[in-house]
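The values are calculated or read from the model by the stated rules, or taken from the named source; none is laboratory data. Since the structure is predicted, the reported quantities are computational estimates derived from the model, not experimental observations. Neighbour counts run over all protein chains shown; Cβ positions are idealised from the backbone, glycine included.
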Amino acid sequence: MKGFSSVLFGTIARPASTFPKLVEDPRQNIHAGWLLAVLLGPWAIAVIIWVYLKAIPWVPTFIKIPDESYYFWEFVGALPVFLLPMVMVAGTIHLLSRFFTREKTMEEFLPPFLFALNVPFFLFAIHDIGYALICLSGVWTVEQFRSLITQPGLLMYINIFVGVGGFFWGLPLMALAIKAYYGLSLGKSWLLSLLCVPIFHIWVWVFFR
């Protein structure tokens with residue numbers, strides 16, 4: 001398989017043919033590392049901007065952290081909060097796959113698992129850093145942005161599209177990643193995707209704002 005960019009765009013535009021190539025690629029762990037940087041880099045910059053602007057979450061939070069320091073602690077704890085559910089959900093998929101096959105390992109499933117999440121998290125990162133840069137430029141104050149995104153209108157609809165669209169786009173990607181790695185039928189792969197992917201999104205939705 002070619003370089004990282006081919007893997008990244010292939011799993012979005014041609015996932016059915018790209019995931020089987022990815023699981024055979026000896027550089028898949030390197031590609032996964034680059035993907036983490038691509039996904040977390042823009043998000044980290046956005047959170048640093050929110051901390052600098054003294055922003056507070058624009059929707060109620062589940063974690064009892066003072067609003068004024070929420071983004072600081074989100075930045076500090078982001079990596080373990082992101083990696084823990086990734087390992088947990090990938091492990092759940094692996095355990096359930098053992099009803100059908102016992103020839104694979106969870107560790108080797110992590111790279112295709114991560115690439116199956118690239119669309120929802122890419123949408124999340126781009127829309128978050130876009131908002132942060134607009135506020136940093138002074139087009140909106142943080143208070144104006146908070147008012148706009150919590151009222152019915154374009155920003156709220158964009159937010160809904162990013163969350164819902166990313167979730168439903170990620171389901172077939174995960175099914176194809178499972179099929180490619182574990183060699184299961186498409187139906188069984190879809191079943192595991194439907195059972196496990198929502199767990200990951202709920203976890204992230206609880207912790208990230």
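Using the structure shown, decide if Ala55 is under 13 Å from Ala132 (Cβ atoms), surrounded by 15 or more Cβ atoms within 10 Å (Cβ to Cβ) and either modelled with pLDDT under 90 or not polar (S, T, N, Q) (or both). Break it down into steps so the answer makes sense when it comes.
On the way: under 13 Å from Ala132 (Cβ atoms): yes; surrounded by 15 or more Cβ atoms within 10 Å (Cβ to Cβ): yes; either modelled with pLDDT under 90 or not polar (S, T, N, Q) (or both): yes.
Yes; evaluated as a whole, the condition is true for this residue.
Checking Ala175 against (1) in contact with a Pro (Cβ under 9 Å, 6 or more places away or on another chain); (2) buried (at least 17 other Cβ atoms within 10 Å of the Cβ); (3) not charged (D, E, K, R), only one condition comes out false. Which one?
Just one mismatch for Ala175, condition (1).
Could you check region 88-127 and list, in sequence order, the residues that are of a type in the set (A, V, I, L, M) and more than 17 Å from Leu192 (Cα to Cα)? First the steps, then the outcome.
Here is the first cut: in region 88-127, the residues of a type in the set (A, V, I, L, M) are 88-90, 93, 95-96, 106, 110, 114, 116-117, 119, 123, 125-126.
Matches in region 88-127: Val119, Leu123, Ala125, Ile126.
Please tell me if Lys179 is out of contact with any helix residue (DSSP H, G or I) (no Cβ under 7 Å at 6 or more places or on another chain), among the basic types (Lys, Arg) and at pLDDT 90 or above.
Details: out of contact with any helix residue (DSSP H, G or I) (no Cβ under 7 Å at 6 or more places or on another chain): no; among the basic types (Lys, Arg): yes; at pLDDT 90 or above: yes.
So Lys179 fails the test.
Of everything in region 130-158, what is assigned to a helix (DSSP H, G or I), without any contact (Cβ under 8 Å) to a residue 40 or more places away in the chain and buried (at least 17 other Cβ atoms within 10 Å of the Cβ)? Give them in sequence order.
First, pick out the residues of region 130-158 that are assigned to a helix (DSSP H, G or I): 130-137, 142-149, 154-158.
Checking the rest, the ones that are also without any contact (Cβ under 8 Å) to a residue 40 or more places away in the chain come to 130, 134, 137, 143-144, 147-148, 154-158.
Leu155, the sole residue that qualifies.
Could you list all residues from region 1-27 that are more than 18 Å from the chain's Cα centre (by Cα), assigned to a helix (DSSP H, G or I) and not hydroxyl-bearing (Ser, Thr, Tyr)? Outline the logic, then answer.
To start, the set of residues in region 1-27 that are more than 18 Å from the chain's Cα centre (by Cα) comprises 1-3, 6, 14, 16-18, 20-27.
Subset that is assigned to a helix (DSSP H, G or I): 6, 16-18, 20-24.
Of everything in region 1-27, those that are more than 18 Å from the chain's Cα centre (by Cα), assigned to a helix (DSSP H, G or I) and not hydroxyl-bearing (Ser, Thr, Tyr) turn out to be Ala16, Pro20, Lys21, Leu22, Val23, Glu24.
Return yes when Gly10 is without any contact (Cβ under 8 Å) to a residue 60 or more places away in the chain and buried (at least 18 other Cβ atoms within 10 Å of the Cβ) and no when it is not.
Values: without any contact (Cβ under 8 Å) to a residue 60 or more places away in the chain: yes; buried (at least 18 other Cβ atoms within 10 Å of the Cβ): yes.
Yes: the conditions hold for Gly10.
Can we say His127 is at pLDDT 90 or above, under 24 Å from Phe168 (Cβ atoms) and assigned to a helix (DSSP H, G or I)?
On the way: at pLDDT 90 or above: no; under 24 Å from Phe168 (Cβ atoms): yes; assigned to a helix (DSSP H, G or I): yes.
Taking the combined requirement at face value, the residue does not satisfy it.
Consider region 41-83. How many of its residues are in a helix (DSSP H, G or I) and either among the small types (Gly, Ala, Ser) or touching a residue at least 12 places away in the same chain (Cβ under 8 Å) (or both)? Give the derivation first.
First pass over region 41-83, keeping only residues in a helix (DSSP H, G or I): 41-52, 67-83.
Those left that are additionally either among the small types (Gly, Ala, Ser) or touching a residue at least 12 places away in the same chain (Cβ under 8 Å) (or both): 41-52, 68-72, 74-75, 77-79, 81-82.
Matching residues across region 41-83 total 24.
Could you please let me know if Ala116 is among the small types (Gly, Ala, Ser), closer than 28 Å to Tyr52 by Cβ and at pLDDT 90 or above?
no
Starting from region 100-126, keep only residues that are surrounded by 20 or more Cβ atoms within 10 Å (Cβ to Cβ), then list their pairs with residues that are of a type in the set (Ser, Thr, Tyr) whose Cβ atoms are within a distance under 8 Å, requiring at least 6 positions of separation or different chains.
Listed by first residue and then by second, the contacts come to Phe109/Tyr181; Phe109/Tyr182; Pro112/Tyr181; Phe115/Thr11; Ala116/Thr11; Asn118/Thr11.
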